[in-house]
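Heads up: the structure comes next, in structure tokens.
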Amino acid sequence: IDEATKRRRVLLKLSGEAFGGGQLGVNPDVVSQIAREIAEAVDRVEIAIVVGGGNFFRGAELSQRGMDRGRADYMGMLGTVMNSLALQDFLEQAGAATRVQSAISMTQVAEPYIPRRAVRHLEKGRVVIFGAGAGLPYFSTDTVAAQRALEIGATEVLVAKNGVDGVYTADPRVDPDATKLDHLTYNDALQKGLKVVDSTAFSLCMDNGIDMRVFGMEPAGNVTRALLGDEMGTLVTA
Ligand code: UDP
């Protein structure tokens with residue numbers, strides 16, 4: 001593929017919470033809407049996706065209630081695989097070719113994570129969904145999004161949020177004086193303790209000089225716009 005026809009490559013992070021529509025499990029209406037928005041952009045941009053699992057389990061929460069942290073984190077990772085399969089299904093219904101790659105081997109449902117093969121899929125116009133996080137307890141899918149973006153050579157990490165449309169000076173649900181920032185540096189985010197994205201993800205992006213855009217999934221159309229490079233939400237840079 002020559003440089004002129006080369007498409008932008010992005011990594012989209014979707015929260016598991018969005019998939020549940022506020023409840024445990026997968027809400028098909030929500031996932032199909034997201035899938036249609038992704039399918040809309042697929043012929044213009046190479047799209048890799050990391051899906052969270054907060055609609056099923058969060059390891060830290062389960063461990064606070066008495067479970068072993070490592071085991072609880074593996075349950076969390078398995079939740080991300082279910083979300084990945086749901087997204088794959090609705091993406092295919094929307095006409096997009098897809099592959100799921102899992103960081104935990106389960107070859108009946110997903111390919112193993114093979115970065116170079118993921119890149120091939122992207123070049124062929126397939127959407128690649130990375131499931132099972134990093135396969136490592138004590139990590140979050142935000143951090144995995146940053147790591148996968150770096151490893152496959154994406155130019156930016158697009159973090160889709162529900163309920164908030166960017167990075168604020170403080171938590172807008174708590175502090176009525178919080179204002180939205182158009183741009184900030186990873187250092188600012190870390191120093192101010194802004195928690196929209198976890199600190200490990202911020203520092204990995206900072207150390208490796210990759211940009212991150214945090215944006216709101218609502219209203220409808222926002223995911224497509226973000227994939228196509230619209231300057232929305234908050235841009236975080238090194
Ligand atoms: N998780 C993990 N290692 C990873 C990715 C995820 O242990 O590499 C577990 C962790 O318990 C986490 C859960 O999977 O709480 C779900 O992921 P996350 O909380 O990032 O999902 P989101 O908040 O985006 O829905």
- Name the residue, out of VAL159, VAL196, VAL128, whose mean-square fluctuation peaks in a Gaussian network model built on the chain with Cα pairs under 10 Å. VAL196
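Given 0.36 nm per residue, what is the gain on full extension from GLN64 to ASP43 after removing their alpha carbon distance, in nm? Intermediate results must be reported in sequence, preceding the final value.
On the way: separation 21, 0.36 × 21 = 7.56 nm, distance 4.41 nm.
Result for the pair: 3.1 nm of gain on full extension.
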- Can you give the relative contact order of the range 22-107 as a percent, counting alpha carbon pairs under 8 Å and 6+ residues apart? 35
- Message: Tell me which of GLY70, VAL167, GLY229 sits at the most positive position along the dipole axis of the chain, charges placed on C-beta atoms (Lys, Arg +1; Asp, Glu -1).
- Response: GLY70
- Applying the Karplus parametrisation 6.51 cos²θ - 1.76 cosθ + 1.60 with θ = phi - 60° to the phi angles of the range 42-58, what ³J(HN,Hα) value in whole Hz is obtained for each residue in order, glycine and proline being reported as x? 5, 7, 10, 8, 7, 10, 10, 9, 10, 10, x, x, x, 6, 10, 9, 10
- Task: Report the relative contact order of the chain, percent, no decimals, based on alpha-carbon pairs under 8 angstrom and at least 6 residues apart.
- Result: 22
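Work out how much length ARG173 to THR185 would gain on full extension: take 0.36 nm times their residue separation and subtract the Cα-Cα distance, in nm to one decimal. Write out the running numbers ahead of the final one.
Values: separation 12, 0.36 × 12 = 4.32 nm, distance 2.24 nm.
Taking ARG173 through THR185 to full extension adds about 2.1 nm, to one decimal.
Is there a pair in LYS124/LYS161; LYS6/LYS161; LYS161/LYS192; LYS6/LYS180 whose C-alpha atoms are over 25 Å apart, and which pairs would that be?
Working: LYS124/LYS161 28 Å; LYS6/LYS161 28 Å; LYS161/LYS192 20 Å; LYS6/LYS180 34 Å.
Over 25 Å apart, Cα to Cα: LYS124/LYS161; LYS6/LYS161; LYS6/LYS180.
Among SER84, SER15, SER63, which comes first, then next, by fewest other beta-carbon atoms within 10 Å?
Working: SER84 26, SER15 21, SER63 16.
Ranked by crowding around the Cβ, least crowded first: SER63, SER15, SER84.
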- Query: Based on Cβ point charges of +1 for Lys and Arg and -1 for Asp and Glu, what charge dipole magnitude is obtained for the range 3-237 about its Cα centre, in debye rounded to the nearest 20?
  - Reply: 620
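For each of LEU227, LEU12, count neighbouring Cβ atoms within 10 Å of the residue's Cβ, then give the residues from fewest to most. Working shown, then result.
Numbers: LEU227 22, LEU12 26.
The most exposed by this proxy come first: LEU227, LEU12.
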- Item | Global geometry of the chain, whether rounded, prolate or oblate, following the gyration tensor of its Cα atoms and the 1.5 cut on a/c | rounded
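Can you put LEU122, LEU62 in order, fewest other beta carbons within 10 Å first? Could the numbers behind the result be given before it?
On the way: LEU122 22, LEU62 17.
Final ranking by Cβ density, sparse to dense: LEU62, LEU122.
Would you mind classifying the range 160-238 by shape? Square roots of the alpha carbon gyration tensor eigenvalues, ordered a ≥ b ≥ c; an a/c under 1.5 is rounded, otherwise it is prolate if a/b is larger than b/c and oblate if not.
Details: a/c = 2.03, a/b = 1.12, b/c = 1.82.
Verdict is oblate for the range 160-238.
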- For the range 122-143, list residues with backbone N below 20 Å from a point placed 7 Å from the Cα of ARG71 toward its Cβ? 135-139
- Message: Nothing charged except the Cβ atoms of Lys and Arg (+1) and of Asp and Glu (-1): what's the magnitude of the dipole of the range 32-101 about its Cα centre? Round to the nearest 20 debye.
- Response: 300
- Distance between the range 106-138 and the range 146-220 - C-alpha centres, whole angstrom: 23
- Message: Within 9 Å, Cβ to Cβ, of ASN222, how many net charges do the neighbouring residues add up to if Lys/Arg are +1 and Asp/Glu are -1?
- Response: -3
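Only the coordinates and a few stated rules stand behind these numbers; no lab work does. All figures in this text were calculated on a predicted structure; none of them were measured in a lab. Here Cβ is always computed from backbone atoms with ideal geometry, including for glycine, and neighbour counts include all displayed protein chains.
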